[in-house]
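Enquirer: Before we start, here is the structure in question, set down as C-alpha cells.
What follows is calculated from the coordinates using simple rules that are stated; it is not laboratory data. All figures in this text were calculated on a predicted structure; none of them were measured in a lab. Ideal geometry is used to build each Cβ from the backbone, glycine not excepted, and the neighbour counts take in all protein chains shown.
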Amino acid sequence: MVRDCRDAEERKGPTKTLYVAEAVTWRANEKGYPYFVPGHEGQMVEMKESTTKNQKVSPLKPGTKAPNFALKTTPDQHVSLRDFLGRPVVLCFYPADWSPVCSDQLGLYAQLMPEFRKFDAELLGVSVDGVWSHLAFSKDRNLNFPLLSDFDPKGAISRTYGVFAERNGESARALFVIDEKGVIRWSYLSPDGVNPGADGILSALENLKSHD
C-alpha cells in the first residue's frame, strides 16, 4: 500500500538541497516486522541535512559521543542518558504529541518493543511537549516506553543533537541509535510528514550486535 505524503520536490537552501520523499510504502521484511520505506519506488533515501532560509537541521553523525541529558518524564522524575550506559539506546525525536504521523510512528514502536528488547535496547521518545501532554498521549496510545519533555528550556536537547527546527519551534523527526558506550552509531532524519518506521533502527541494532 502506498500513501502519498507530499509532492516530491527539491528545495534549494543556501548550501544544500533538501529532498522530500513522494510516498511511503508499507512493507514487511524477511523477519516479518512492518516498516515504512520513504523514497522513489520504495527506495530508502537518507536525510542527512536540510537547510532552508529559516532553519538548519543537521543531526549528529555516527561516531560522535552522544551528549548526556536529564529530562522530565513525569512532573517529579527525570531520565538521564547516563542511566543506560552498558546497553543500546534508541532516541526518537518527534515533532508533537497527538499528530497523526507521530501517533502512527510511536504506536508502531510500542508494537515492536519485543523486537527492541531482543537487543536489550531502551527506547526513549523526545519532543518539546510538556510532561502532562506526554502522560496523556502515552496513556491514550498505550505506549510502553518513556516520553521525555524537552520543554524547559524549549528544545535545548534537540538543539544539542542538531534536530531542532527553529522555523516551527519543534523537534525534527530524527532517530539515533547509541551503543553501550554512549557513542552514536546510526542517525536518520526523516521529513516531518513521513513515518520512518523501524527497519533502520533494527538494522542498526543488528549491526551493533554483530560487532560485539
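Enquirer: Quick check, is Ser158 under 12 Å from the mean Cα position of the chain (by Cα), under 12 Å from Leu91 (Cα atoms) and touching a residue at least 24 places away in the same chain (Cβ under 8 Å)?
Expert: yes
Enquirer: Hey, among Ile157, Ile178, which residue is in contact with an Asp or Glu (Cβ under 9 Å, 6 or more places away or on another chain) and of a type in the set (Val, Ile, Thr)?
Expert: Ile157
Enquirer: Ok, one more. When you scan the range 156-197, how many residues do you find that are under 14 Å from Phe119 (Cα atoms) and out of contact with any helix residue (DSSP H, G or I) (no Cβ under 6 Å at 6 or more places or on another chain)? Explain how you work it out, then say what you get.
Expert: Filtering the range 156-197 down to residues under 14 Å from Phe119 (Cα atoms) leaves 177-180.
Imposing the further condition that a residue be out of contact with any helix residue (DSSP H, G or I) (no Cβ under 6 Å at 6 or more places or on another chain) reduces the set to 178, 180.
Total satisfying the criteria: 2.
Enquirer: Scan the range 135-152 residue by residue and report those that are buried (at least 17 other Cβ atoms within 10 Å of the Cβ) and among the small types (Gly, Ala, Ser).
Expert: Once the filter is applied, which keeps residues that are buried (at least 17 other Cβ atoms within 10 Å of the Cβ) and among the small types (Gly, Ala, Ser), the range 135-152 yields Ser138, Ser149.
The rows are residues; the columns are (1) among the small types (Gly, Ala, Ser); (2) over 21 Å from Ile157 (Cα atoms).
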| position | (1), (2) |
| --- | --- |
| Pro95 | no, no |
| Gln105 | no, no |
| Ala110 | yes, yes |
| Arg117 | no, yes |
| Glu122 | no, no |
| Gly125 | yes, no |
| Val128 | no, no |
| Leu135 | no, no |
| Arg141 | no, yes |
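Enquirer: Among the residues of the range 117-130, count how many are within 24 Å of Gly162 (Cβ to Cβ) and in contact (Cβ under 8 Å) with a residue 24 or more places away in the chain.
Expert: Pass one, the range 117-130, residues within 24 Å of Gly162 (Cβ to Cβ): 121-130.
Those still in the list that are in contact (Cβ under 8 Å) with a residue 24 or more places away in the chain too: 121-129.
Selection size over the range 117-130: 9.
Enquirer: Which ones in the range 89-117 are among the acidic types (Asp, Glu) and either within 15 Å of Pro196 (Cα to Cα) or surrounded by fewer than 19 Cβ atoms within 10 Å (Cβ to Cβ) (or both)? Write out each step before concluding.
Expert: In the first step, residues of the range 89-117 are kept if they are among the acidic types (Asp, Glu); the result is 97, 104, 115.
Of everything in the range 89-117, those that are among the acidic types (Asp, Glu) and either within 15 Å of Pro196 (Cα to Cα) or surrounded by fewer than 19 Cβ atoms within 10 Å (Cβ to Cβ) (or both) turn out to be Asp104, Glu115.
Enquirer: Being surrounded by fewer than 23 Cβ atoms within 10 Å (Cβ to Cβ), closer than 21 Å to Ser99 by Cβ and under 10 Å from the mean Cα position of the chain (by Cα), is that true of even one residue in the range 192-205?
Expert: Narrowing the range 192-205 to residues surrounded by fewer than 23 Cβ atoms within 10 Å (Cβ to Cβ): 192-193, 199-200, 202-203.
The next check asks that each one be closer than 21 Å to Ser99 by Cβ; those that pass are 192-193, 200.
If we keep only those that are under 10 Å from the mean Cα position of the chain (by Cα) as well, we get none.
No.
Enquirer: Here's a follow-up. Is it true that some residue in the range 171-182 is surrounded by fewer than 23 Cβ atoms within 10 Å (Cβ to Cβ) and of a type in the set (A, V, I, L, M, F, W, C)?
Expert: No.
Enquirer: Which one of these is over 14 Å from the mean Cα position of the chain (by Cα) and among the hydrophobic types (A, V, I, L, M, F, W, C): Phe176, Phe151? If you could, list the steps in order and put the result at the bottom.
Expert: Numbers: Phe176 fails: over 14 Å from the mean Cα position of the chain (by Cα).
So the residue among Phe176, Phe151 that is over 14 Å from the mean Cα position of the chain (by Cα) and among the hydrophobic types (A, V, I, L, M, F, W, C) is Phe151.
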